[in-house]
Structures are given as C-alpha cells and as structure tokens.
Amino acid sequence: MTSTTRTGCPHCGWPDDAEPFQVVSRHATAAGSTLWTRCGCGSLQVRTVDDRGTRIVSRSGPAQ
Ligand SMILES: [Zn+2]
C-alpha cells in the first residue's frame, strides 16, 4: 500500500499513523480528545482525536 499523503515526523520520520512513542497527557474535549504525545526524537506533538480520526495540529522541534 502506497500513499503520497502519508505523513510523519519531519525530524525522525516516525509515521503519524503509528502508535505514539509516548503519550504525555490526554484531555477530553467536546468533540473527542486532545492528545499530547512525544515522538521518539523528542518532538512534542498535539493531536486531536474525534470520530473522523486523529490529526496532528501542532509539532515542536526535536529535543536538544
Ligand atoms: Zn520524531
């Protein structure tokens, strides 16, 4: 299966649709939940999860 829309971490290539390296915290929202995750490279990500799936809305740089 090949998809050109597949995305991943720009710092280490961790695929966005894979299991997060580490879930930092989870917050319930009206639409679903907001998930703060840390990538294997140390990049902090904010994901929104609702009935349409998971989207990464913010991504920080990798850990120094
Ligand atoms: Zn990464």
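Of the numbered conditions (1) surrounded by 13 or more Cβ atoms within 10 Å (Cβ to Cβ); (2) of a type in the set (Gly, Ala, Ser); (3) in contact (Cβ under 8 Å) with a residue 12 or more places away in the chain, GLY8 satisfies every one except a single condition; which is it?
(3)
May I ask you to list the residues in region 1-50 that are more than 13 Å from the chain's Cα centre (by Cα) and aliphatic (A, V, I, L, M)?
Across region 1-50, the qualifying residues are MET1, ALA28, ALA30, ALA31.
Which condition number does VAL23 fail, the rest of (1) among the aliphatic types (A, V, I, L, M); (2) modelled with pLDDT under 95; (3) away from the ligand (no atom under 11 Å from the Cβ) being met?
(2)
Given the options ARG38, ARG55, name the one that is within 15 Å of CYS9 (Cβ to Cβ), surrounded by 10 or more Cβ atoms within 10 Å (Cβ to Cβ) and within 16 Å of the ligand (Cβ to nearest atom).
Matching residue, one of ARG38, ARG55: ARG38.
Conditions first: (1) within 14 Å of the ligand (Cβ to nearest atom); (2) loosely packed, with under 10 Cβ neighbours inside 10 Å. GLN45 passes all but one, so which condition is the exception?
(2)
The values are calculated or read from the model by the stated rules, or taken from the named source; none is laboratory data. Everything quoted here is computed from the prediction, not taken from an experiment. Cβ sites come from the backbone with ideal geometry, for glycine too, and all protein chains shown count toward neighbours.
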